[in-house]
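Each remark here refers to the structure printed beneath this line.
Just so you know, all these numbers are worked out from the coordinates, no wet-lab data involved. Not measured: the values here are computed from a predicted model. Using ideal geometry, Cβ is built from the backbone for each residue, glycine included, and neighbour counts are taken over all protein chains shown.
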Amino acid sequence: MAIDAPVHCNAVNFNRVLNAGLPVLVVLWRRDCPACEQLNPTLDRLAKAYADKALVVKVNADEEATLAQRLGASSLPALFLFRDGKEVGRGAGAAPERDLAAWLDYLQGNGARPPAPSGPSTPLRPGAAGPTSTASKPASAASSGPAQASTSAGSRPQGQPAPAAGAGAAAGSKAEPIVLTDATFEQTIRDSKVPVLVDFWAVWCGPCKMIAPHVAALAQEFAGRAIVAKLNVDENPRVAQQYGIMGIPTLLIFSGGRVVDQAIGAQPASVLRQRLARAVG
């Protein structure tokens, strides 16, 4: 029998649903979320339109707090796209129906990979101020997390990672994450005499914003002993594809030109510090 309505999932059946053999759109929501209410009619229509071809799954963030933490959302509704049990994309907000439909088509092997779905959203943490739009807000105006990557320090918005440069920063200067691109990535990894931690991120990614302060702190703490870098996966898809980055944030630690450790999702600062310290030795 075709499933033509959104499926409500919990931590017990979540993995089973992801591995049911169909593409899955997972929506993390809660009852007091205006943006979630705005998205509900779209989800109902998509579930009917893609019955037998894809699943639309809803997870209540209040009732399934552990699962919500595992998914790594910072705003609601949070959108996760799965194929063959693996996350292949994510977004946030009450995205337009046509954008979500394009993703469901892509997950079935039709068309090119669409842009990340986005729309008006509500902060996940209780007490945060009302709905915001991750689609229309300029990256440099975000209250936390990395802004759009820049190759010029002079034009770099406040809080944005520093552009890639030589290891010899001026004495007394504040160490910041460097920006890597498809063009600079391989040489930086190959030529570095110290371990390199690379944060694969995107402007629209809520969990990436959550760990941005941790990554910045690591750059300061390990200055001279390791390089901390950031790579925007939307602007630099070649490297992301080369290393099989399927979900973000993903942090890879390189030593001697090869990957020696990785962390996926919004990991606690203590975990990231421990892993980088282990690579530094």
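Does the range 180-279 come out rounded, prolate or oblate, given a ≥ b ≥ c as the square roots of the eigenvalues of its C-alpha gyration tensor, rounded meaning a/c under 1.5 and, failing that, prolate meaning a/b above b/c? Oblate, because a/c is 1.5 or more while a/b does not exceed b/c. Extension gain, ALA51 to ASP32, is 4.0 nm, computed as 0.36 nm per intervening residue step minus the present C-alpha separation.
Annotation for GLU235 and ASN19: the two label points, set 7 Å from Cα along the Cα-Cβ direction, are 3.9 nm apart. Model label sites at GLN242 and ASN110, defined 7 Å from Cα along the beta-carbon direction, differ in position by 3.4 nm.
How far is it, in nm, from the label point at LYS86 to the one at ALA269 when both lie 7 Å from their Cα along the line to the Cβ? Rounded to a tenth, the inter-label distance reads 3.3 nm.
When you count the other C-beta atoms within 10 angstrom of each residue and take the mean per peptide, 249-260, 209-220, 107-118 line up highest first as 209-220, 249-260, 107-118. For the range 7-133, averaging the sequence separation of C-alpha pairs within contact (under 8 Å, six or more residues apart) and dividing by the residue count gives a relative contact order of 28 percent.
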